[in-house]
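What follows is a single structure, written as structure tokens, with notes after it.
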Amino acid sequence: MKKKFILLFDPGPNWNSEKEIEEQQYWNEHTEFADRLFADGRIIMSGPIIHYDRIVIIYEAKNESEVRITFKDDPFIKHGILYLESVMEWDIRLDQRNI
């Protein structure tokens, strides 16, 4: 059975603080990677935390290891734009969307 995870990403060593996320190097490659995971139903939702340089992804996987193995291939991770700060299993109790 697949589980839900909260993934928190922080700026990596190659994050350019003078640019928005869409202006970061490797943006197009990153979005292609994320779009495939979204199309496969693995990314449930994603977006930045407003006024902070953090990204949150709600992700579906068998276990934490699968999450980490998958995201090591994200171009933003590979090139140090973002850093996967934490992966936390989430036990959803109420959800109007029935995910």
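Coordinate-derived values only; no laboratory data. Note that the structure is predicted; figures quoted are calculated from it, not measured. Ideal geometry is used to build each Cβ from the backbone, glycine not excepted, and the neighbour counts take in all protein chains shown.
Some points to look at:
- The residues neighbouring Pro48, those whose beta-carbon lies less than 12 Å from its own, together hold a net charge of -3 under the Lys/Arg +1, Asp/Glu -1 convention.
- Here the dipole of the chain is about 460 debye; that uses its Cα centre as origin and unit charges on the Cβ of Lys and Arg (positive) and Asp and Glu (negative).
- 0 to 90° range, to nearest 10: angle between helix 27-39 axis and the chain longest Cα axis: 10 degrees
- The Cβ shell under 12 Å around Phe33 holds other residues with a net charge of -2, Lys and Arg each +1, Asp and Glu each -1.
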